[in-house]
Structures are given as structure tokens and as C-alpha cells.
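Notes for the one structure printed next.
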């Protein structure tokens, strides 16, 4: 287990040992509110070292660790391409009683009037504008921009460089690719997937897949 420093406080557990985990380790280490007890991962052997943090075992250990007094968990399963993977980890840990801290990179900025639900993760240089509302477990990746009055549902995934204009709404479990632009006041339904570099110019029904680089709706049918 990672040794706590004299300034670290609450112990927490990370679930998932992939690339997203590394970004979260650095965010956690940038402050002094938490210390990382270790990582659980269903594919890595116990004892694996990840940036100085040990893999303790698989998800079956979560209950035991909670009973030992570790009540905080961080979901490091990104779930790109399949939101259900990330959602499953949240549900599994919630059922055991874990709580989820909100993690904000030191270079990210959240306006004072914005509200972030538990379990949100903001990576480097992300911006959350005035009076935004960000739902439980949502991931806002590096350089993503939320203009004023944006509303994001739960377990939404914004990839690096996504740009949301004012009063955009995105439903639960939707995924927005790298460099996507969503125009003013548009609403994206739940469980949508918007490919890298797409431009969204009107409301998107729930469950819609927009391919990379597309303009939605297709300009040929405007």
C-alpha cells in the first residue's frame, strides 16, 4: 500500500488500473486531502506496481477493504465505447457503501456558481462555466470546455478538447468524442455517442450514434 504522508488525510481506493488510472493518481497526489491505499483491477495480478501504487487484487477485495474502514473509492474505468463498464463499477461500489470524491486537476477551473456532483473527475485545463450542473460520476477530460448553463447528466464522458456552448444539455451515459463542438442550446439525449471532431447543430435523440467528423444533422438534408 502507498504510504501516507503527514499531510494526507482520508484513505481511498482506486478501481481500474489502466491509463485513466495514471491520470487520476497524479491528480490525487497534487493535493493533500487523500492518500491512495491501492488499486483493484480485474485483469492485473496482485503486486503489480503502477506509478508507485500497488495493485492489491481484483474487485472481489472491495468488500473486505470497505469493512476495514476504507470508505472512499475512485472509479478509474473510463468506459470509452461502452458506458456500461464504468456504470457497473459505480453500482458495484455503491452497493458496498463506498462514497466517491470529486477530483479536480489543479489547472482545471470551475466557476463558483457551478455545481459538481460526487464522483466527477476534471482533468487538466478543463473549464466548467457559470451556473453549470454536472451529474454524478461524469468525466470531463483535458481541455474540455463547458460554457455557461451547461447541464450534464450522470456518468457522461467528455473526451479531450470537447467544446460545449452555452445551455447545452447532455443526457445520462452519453459519450462525446475528442474535439466535438456542440452548438448553443442543443440537447443531446441519453446513451448517445458522438465521434471525434463532429459538430452538433441541433438536438440529438437518445441512443443516437454520430460518426467522427460528421455535421449533425447532415447538411445535405437541411
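Only one of the numbered conditions (1) under 24 Å from residue 39 (Cβ atoms); (2) crowded, with 17+ Cβ neighbours inside 10 Å; (3) at pLDDT 95 or above is violated by residue 99, and that is (2). Taken as a whole, the structure leaves residue 62 outside the set of residues that are in a helix (DSSP H, G or I), assigned by TED's automatic domain parsing to the domain that holds residue 35 and surrounded by fewer than 20 Cβ atoms within 10 Å (Cβ to Cβ).
For the stretch 146-177, filtering for residues that are in a loop (DSSP other than H, G, I, E, B) and buried (at least 18 other Cβ atoms within 10 Å of the Cβ) leaves 17.
Looking across the stretch 190-215, the residues that are under 21 Å from residue 149 (Cβ atoms) and in contact with a strand residue (DSSP E or B) (Cβ under 6 Å, 6 or more places away or on another chain) come down to 192, 194, 199, 200, 203, 204. Checked against (1) within 16 Å of residue 123 (Cα to Cα); (2) without any contact (Cβ under 8 Å) to a residue 24 or more places away in the chain; (3) out of contact with any strand residue (DSSP E or B) (no Cβ under 8 Å at 6 or more places or on another chain), residue 106 passes all but a single condition, namely (2). None of 81, 129, 137 is at pLDDT below 95 and either at positive phi or in the same structural domain as residue 209 (by TED's automatic domain parsing) (or both) except 81.
Of all residues in the stretch 75-96, those satisfying the criterion of being buried (at least 17 other Cβ atoms within 10 Å of the Cβ) and in contact with a helix residue (DSSP H, G or I) (Cβ under 6 Å, 6 or more places away or on another chain) are 75, 76, 77, 78, 79. Here residue 30 clears all of (1) surrounded by fewer than 18 Cβ atoms within 10 Å (Cβ to Cβ); (2) in contact (Cβ under 8 Å) with a residue 40 or more places away in the chain; (3) touching a strand residue (DSSP E or B) at 6+ places or on another chain (Cβ under 9 Å) except the condition numbered (3). When each of 162, 198, 117 is tested for being under 28 Å from residue 88 (Cβ atoms) and either within 12 Å of the chain's Cα centre (by Cα) or touching a residue at least 24 places away in the same chain (Cβ under 8 Å) (or both), the lone residue that passes is 117. Do the conditions hold for residue 207, that is, is it in a loop (DSSP other than H, G, I, E, B) and touching a helix residue (DSSP H, G or I) at 6+ places or on another chain (Cβ under 7 Å)? Taking the combined requirement at face value, the residue does not satisfy it. Specify the residue that is farthest from residue 77 (Cα to Cα); the eligible residues are those in the stretch 42-51 that are at pLDDT 95 or above and in contact with a helix residue (DSSP H, G or I) (Cβ under 8 Å, 6 or more places away or on another chain). This residue is 51.
The values are calculated or read from the model by the stated rules, or taken from the named source; none is laboratory data. Computed from a prediction, not measured in an experiment: that's the story for all the values here. Note that each Cβ is placed from the backbone with ideal geometry, even for glycine, and that neighbours are counted across all protein chains shown.
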